[in-house]
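Here, each number is a calculation from the coordinates, and none is a lab measurement. All figures in this text were calculated on a predicted structure; none of them were measured in a lab. Virtual Cβ from ideal backbone geometry, glycine too; neighbours counted across all protein chains shown.
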Amino acid sequence: MYSTDVLECYQGNLGLVHKVARNCHRRLQAIGAAMEFEDVVGEVRQSLIVAHASFDPKQGFEFCTYFGRAAYNHMNRIAERVELERVENATYSIEEINAGRGENATPVEETISSDAMTPDEVLEAKQRQARALRMTERLSPVAQLIVEWLVNPPPELLAEITRHRAHAEVARNMGLARRSHAGLTMDFVSKMIGAATGLPAKTILNARREVQDVIDSL
C-alpha cells in the first residue's frame, strides 16, 4: 500500500519489509556476511524511507514494486561490497594454495600463464571495481535498475531476448532479411524497462546517460 505519510506507508508495508529482509539475510548468510537480521531489517526500512521520498504515484506503478526493487538493489550492493572486501583482503601465498590442492596436483605456479595479470594490474582492476560500485550507489533509482538488469537480468528479460531472436530466425528461414536487435545491451534493457514501467522516454534517457557517465569515467 502507499500513503503520503511515511509512517503509515511503513506500517502498511511491514510484511513486505520483513519478507525482503528475510530473503536478503539468507543471501548474506550464504556468502558469510556477519550481519544480524535486525540490521538487515534496518537497511530495508531505510530503503523504504528513501523510496517513499522519491516515489511518484503518477508514474503508474505500485509502490510495493518500486520499494521492493529499490530494497533488493540496496541489499545487493551491500552483498557485493562484502564479496569485494573478501577478495581484497584474501592474501594467500603460493605455498598455502598448493597445500590445499593435494599431493598429486600440478603446482599452481606452473599453471599461471605468462600473460597473467601482474599484481599492479590486479590492484588496478580491484580499484576500478570498487570505484564503479561507489559511483553506482549515487545513481537514480531508474539508472540503478538499468545496471541491475544488465548485471542480473530477470528471467522475463532473458525470455524476451530469446523470443526476439526466435522470430528473427523464423524470418530468415522464410527468406526475409531480418535481424534481431535484441541483446543484453543498455539500449535493449532501457527499452524493456520503459515498456515495463511506463516511465517517460526522457526519464529513461536521463537514466541511460547517468549509467554511461559512470562507464566513461572508469
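Electrostatic bookkeeping for A195 treats Lys and Arg as +1 and Asp and Glu as -1; over the other residues with beta carbon under 14 Å from its beta carbon, the sum is -1.
Of the peptides 144-155, 1-12, the order by per-residue mean of other Cβ atoms within 10 Å, starting with the highest, comes out as 144-155, 1-12.
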